[in-house]
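Trainee: Sharing a structure, written as structure tokens. Questions coming.
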Amino acid sequence: MAKVTKKVKRIKIDADKCNGCRGCEIICSAYHATPRYSTINPARSRIRVITNRLEDIWLPVFAGEYTAAECLGRDVYVIDGKEYDECGFCRAVCPSRDLFKDPDSGLPLKCDMCEGEEIPQCVQWCLNDVLVYEEREEEVDEEFEITMAEAGVDSLINQYGLDKVADMVARRRKDR
Amino acid sequence: MRYAEVGYNLEIDLATGNIEREETDPGLIAAHLGGLGTSVKIHWDRVGPEVKAFDPGNLLIFSSGLLNATPAYSANRTVVTFVSPQTDLLAYPMMGGFWSAELKHAGYDKVILSGKSPDWIYIWIDDGKVELRDASHLLGRGAVETQTLIQEELGDRNIQVAAIGPAGENRVFTASIEQGRSSASRLGGGAVMGDKKVKAIAVRGSKDVYLARGAEFMNHMKAVTEYVNFRNANPIPDVMTILSGIGSPQEMVHTDEKWHTENFMWGNARTRRREFWTDEISDLWASRQHAAIKRLISCYNCPQHCGALISYGDTPRYMAKCFGKLTYAMAAYVDDLDFSWRILRQATEYGVDSFSTPQILAFAVELKEAGILTDADFEGCPEDNEGRFFWLLEKVAKREGIGDVLADGVYYAARAIGNGAEEFDHNTIKKHEQLPLKLGTLDPLYFLMYSTNEKISITQIEGNWPQAAFPSREQRETFVKDWPQLPEETWKEWLLEWEIRGEKAIPYWPTPDISAKIVDWMEMLHNIDDALCICAGMASFCLKPPYHIHNYHLLISAAAGVDMSEEDVKKIANRNRNLHRAYNNRRGMTRADEKPPEDHWKRRFPELEEELLTTYYAHKGWTYDGIPTRERLEELDLKYVADDLEQRGILHHG
């Protein structure tokens, strides 16, 4: 398979430097508002600072992929004597918790690294260098890009099965 | 659509349990901005001068400001207003933390509490829905632990809780309202909350807050950000460390306390300890501080590190900030920060102000040493300095034994104890304990700030003008070179001419006329901050701050969509201040009350002081007695205030 170069975007999180201000949540929600910067609402932010003040936990976590089902088990990390929340490091938008769901629609939120911007807004806004943006290039196998249409068909197949979808397509073709 | 503000207040009648969501007048932004400004207006309209602190008619208002929950850095203050049990005037202590932004996201600008609850409750504001919940199981619990207990009970650690401790329950006049790493401490807000039987207010919100012209607002914030970065990288030279940066005093960061410990008056504002800061103390205190501070933390949307999570040996964890680090140890004459970290935790759980309370405890110790208080009053009290302070603190917080009378503060305690105790009340203004400072020569600026401000607490009036003259011309030139915050370029000359000694030094320089202008400017900045609920640490309380008179109006206009010029903002701040002043005048405050303690300076100048006060009043547009004139009130669209003051005979026609 042919090799291509892929840009990997990364945000390094130095949680020890976090002063817990939650400015990242504010700027994220403002940036992703329509029109841009028209509303502020940390509940819509794609980054949240998981906080347990007296336990010395301030942990910025970015919204990751949506998953329809929760894991079969849960995890709890204890690091340096600090017990983090159940699934605390997980970025998934999952039925087991309210994190990263739009408060009105319940739709999943996902960090898009502020696509189109040179540096994600939360990184720019964090004046304590908790969030550091890094880019690197990787050689990867060339993949066929899945189009929106293909993704839609895949999702229909996932839900209804290949046969049903094929029947449906056949019927539509006949109708035309 | 409402911008920057939410447009709704939450009204709770505690006596009946009636809860209302009241839409507010959109015109109030142009008239009073918000925060302290709009709260003062509510007190003016609804709480007459006959209402005392513990009357059901006293309103207790928790308010956000116009810029809370916007991306403006450090817009995180909550201003709490009420008639104070200590001064009988309208008090407005403020707290940082995370509460006010959460309140706006829950759909309210203010929480207005009236009446008294028959039973102990806490208030739960959950995204617009409001419940009054039983708090009987929280009685006697500390102010910090109450916050955690409520979060656990409601199953969400992201709920922001403002709570009182036992001191508030017992209506101690120095009772604070604690929240996260912050507290609204001065003048007894915790006591009024306790009197209303409200143990806490918990809030959680997920609603939008709107910016009128978001892109424009962010553009202005870009300039503010650049300046924040610049100031953090470039501390001001030739001033003491604590004044060199931005943010509120970085007491949790800095360990060098030579200046505070050797220049303030300790015990009951009594003793200056000139040789205190030895190498040995310096090493010991630095090691104690590093041992205690687990992490430096901030309030909502603030890049600074004014607070800290304290984790000290076996002492249960809590959060601290600012000056409390020093006040208990120095008031008790315990030369070890070890004591500070332990007693500060206890004081935070009891929920008491760490400025006034240590002075009250030291006052009791002095009275004991003078034989005015007796062994019987101190029965069961340990002999050592540490043990005595812990014992006294508990007595005050619980109003037990001698603590009951002390809990009313030095002024009232001195008069209740009598037998010469009044002589020991030497550090109060308008019945309120002040910073423990006693200095040499009268300073005209500080004389005015101490005497006249509605805040009744010097630390939140001063800020933008240097505390003292720079010794050399060169230093002055360096300082004024880059000073865009100043209202007029010509003011630089006043600083350049300001000498340490001679004719152009205190008490005669700045002149009364110049002093009036400088003080007026500094207090105006505080009034703007308090309406926007921006932390004074990033604006009015520090030298060369990121927010100032030349950029506030840009941020306000873009956020609220109400276009304002610099002059408009000045006028609103002036209106708010005059309304507050008139409110206090209506409660009986006059020129006679406006004086610093007699021993505040060794060298006093009675004639000059009279001239200073008269000049300042004239500059403000007030009468000889310190009452706003009809002319000034009408200029500020406060005709209704002038009418009221005249009707009451406080202001005389013509």
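Bear in mind that the values in this text are calculations on the coordinates, not laboratory data. None of the values given here were measured: they were computed from a predicted structure. Ideal geometry is used to build each Cβ from the backbone, glycine not excepted, and the neighbour counts take in all protein chains shown.
Trainee: Percent of Cα-Cα pairs more than 39 Å apart in chain B, please.
Mentor: 26
Trainee: In the protein assembly as shown, with Lys and Arg counted as +1 and Asp and Glu as -1 at Cβ, which of these residues, B:290, B:361, B:624, has the Cα nearest the positive end of the dipole, that is, farthest along it?
Mentor: Going by the charge dipole, the pick is B:624.
Trainee: Let a ≥ b ≥ c be the square roots of the eigenvalues of the Cα gyration tensor of the range B:101-249; is it rounded (a/c under 1.5), or, if not, prolate (a/b larger than b/c) or oblate?
Mentor: Verdict is oblate for the range B:101-249.
Trainee: Sticking with this structure for a sec: Report the FRET efficiency, 1/(1 + (r/R0)^6), for residue A:129 and residue A:97, where r is their Cβ-Cβ distance and R0 is 30 Å, rounded to 0.05. Intermediate values should be presented prior to the final figure.
Mentor: Working: r = 29 Å, r/R0 = 0.96.
It comes out at approximately 0.55.
Trainee: If you take the charge dipole of the protein assembly as shown about its Cα centre, with +1 on Lys and Arg Cβ and -1 on Asp and Glu Cβ, which of B:236, A:77, A:90 is farthest toward its positive end?
Mentor: The residue sitting most towards the positive pole is A:90.
Trainee: Here's a follow-up. Dipole of the range B:440-619, Cα-centred, from +1 at each Lys and Arg C-beta and -1 at each Asp and Glu C-beta, to the nearest 20 debye? Don't skip to the answer; put the middle values down first.
Mentor: Details: 21 positive and 29 negative charges, 77 e Å.
That gives the range B:440-619 a dipole magnitude of about 380 debye.
Trainee: Moving on to the next point. Quick check: from the Cα gyration tensor, does the range B:440-619 come out rounded (a/c under 1.5), prolate or oblate?
Mentor: Oblate is the answer for the range B:440-619, as a/c is 1.5 or above yet b/c matches or exceeds a/b.
Trainee: Now, a different point. Rounded to the nearest 0.05, what FRET efficiency do residue B:489 and residue B:566 give with R0 = 25 Å and r taken as the Cβ-Cβ distance? Could you check?
Mentor: For residue B:489 and residue B:566, the calculated efficiency is 0.95.
Trainee: Using a Cα distance threshold of under 27 Å, what count of lysine pairs results for the range B:248-429 when pairs must be 8 or more residues apart or interchain?
Mentor: 12
Trainee: What chymotrypsin sites (Phe, Trp or Tyr not before Pro) does the range A:63-114 have in DSSP loop regions with at most 16 other beta carbons within 10 Å?
Mentor: Hits after loop and neighbour filter: A:77, A:89.
Trainee: Let me check against my output: what whole-number percent is the relative contact order of the range B:248-429, with C-alpha pairs under 8 Å and at least 6 apart?
Mentor: Computed over the range B:248-429, the figure is 16 percent.
Trainee: How would you classify the range B:295-379 from its alpha-carbon gyration tensor, with a ≥ b ≥ c the square roots of the eigenvalues: rounded for a/c under 1.5, else prolate if a/b is greater than b/c, otherwise oblate?
Mentor: The shape class here is prolate.
Trainee: I'd like the Kirkwood hydrodynamic radius of chain A, using the inverse of the mean 1/r over distinct C-alpha pairs, in Å.
Mentor: About 19.1 Å for chain A.
Trainee: Kindly list the residues of the range A:1-27 that lie in the label zone of residue A:150, defined by a backbone N under 19 Å from the point 7 Å along the Cα-to-C-beta vector.
Mentor: Under cut-off, by backbone N: A:1-7.
Trainee: If you don't mind, there's one more thing I want to ask. Could you tell me which GluC sites (Glu not before Pro) in the range B:217-314 are loop residues by DSSP with no more than 10 other beta carbons within 10 angstrom of their beta carbon? Can you show the working numbers first?
Mentor: On the way: sites: B:226, B:251, B:257, B:262, B:275, B:280; in loops: B:251, B:257, B:275.
Passing both the DSSP loop test and the Cβ count: B:275.
Trainee: To continue, here is another question. What FRET efficiency comes out for the pair residue A:15/residue B:290, r = Cβ-Cβ distance, R0 = 25 Å, nearest 0.05?
Mentor: On the way: r = 20 Å, r/R0 = 0.81.
With a Förster radius of 25 Å, E is 0.80.
Trainee: So what is the diffusion coefficient of the range B:248-429 in µm² per second by Stokes-Einstein at 4 °C and 1.567 mPa s, using a Kirkwood Rh over Cα pairs?
Mentor: Numbers: Rh = 17.0 Å.
Taking Rh from Cα pairs, D becomes 76 µm²/s.
Trainee: Please state the relative contact order of chain B as a whole percent: Cα pairs under 8 Å, 6+ residues apart?
Mentor: 15
Trainee: A further question follows. Residues of A:44-55, mean number of Cβ from any other protein chain within 10 Å of their own Cβ, rounded to a whole number?
Mentor: Mean partner-chain Cβ count within 10 Å for A:44-55: 4.
Trainee: Take the protein assembly as shown, compute every pairwise Cα distance, and split them into 20 Å bins from 0; I just need the percent in each bin.
Mentor: P(r) for the protein assembly as shown, in whole percents per bin: 15, 48, 29, 7, 2, 0.
Trainee: Calculate, in nm to one decimal, what residue B:283 and residue B:1 gain on full extension: separation in residues at 0.36 nm each, minus their alpha carbon distance.
Mentor: 95.8 nm
Trainee: Quickly work out the residue B:595-to-residue B:374 label distance, labels modelled 7 Å from Cα along the C-beta direction, and quote it in nm with one decimal.
Mentor: Once both label points are built, they end up 3.4 nm from each other.
Trainee: Can you pull out the GluC sites (Glu not before Pro) in the range B:367-401 that DSSP calls coil and that have at most 14 other Cβ atoms within 10 Å? Let's see the in-between values first.
Mentor: On the way: sites: B:369, B:379, B:383, B:386, B:394, B:400; in loops: B:379, B:383, B:400.
Filter output for the range B:367-401: B:379, B:383, B:400.
Trainee: Over chain A, what relative contact order in percent results from Cα pairs under 8 Å that are six or more residues apart?
Mentor: Once normalised by length, the contact order is 29 percent.
Trainee: In nanometres, what is the gap between the two model label sites at residue B:496 and residue B:646, each 7 Å from Cα along Cα-to-Cβ?
Mentor: Once both label points are built, they end up 4.7 nm from each other.
Trainee: Which cysteines in chain A lack any other cysteine whose Cβ sits under 4.7 Å from their own Cβ?
Mentor: Cysteines lacking a close Cβ partner in chain A: A:18, A:21, A:28, A:71, A:94, A:111, A:114, A:126.
Trainee: With each pseudo-label sitting 7 Å past Cα toward Cβ, what's the residue B:508-residue B:46 distance in nm, one decimal?
Mentor: In this crude label model, residue B:508 to residue B:46 measures out at 5.3 nm.
Trainee: Could you name the aspartates and glutamates whose alpha carbon sits less than 12 Å from that of residue B:602, not counting residues in the same chain fewer than 8 places away?
Mentor: Partners found: B:443.
Trainee: Provide a whole-number value for the mean count of partner chain Cβ atoms within 10 Å of the Cβ atoms in peptide B:301-313.
Mentor: Average neighbour count from other chains, rounded to a whole number: 3.
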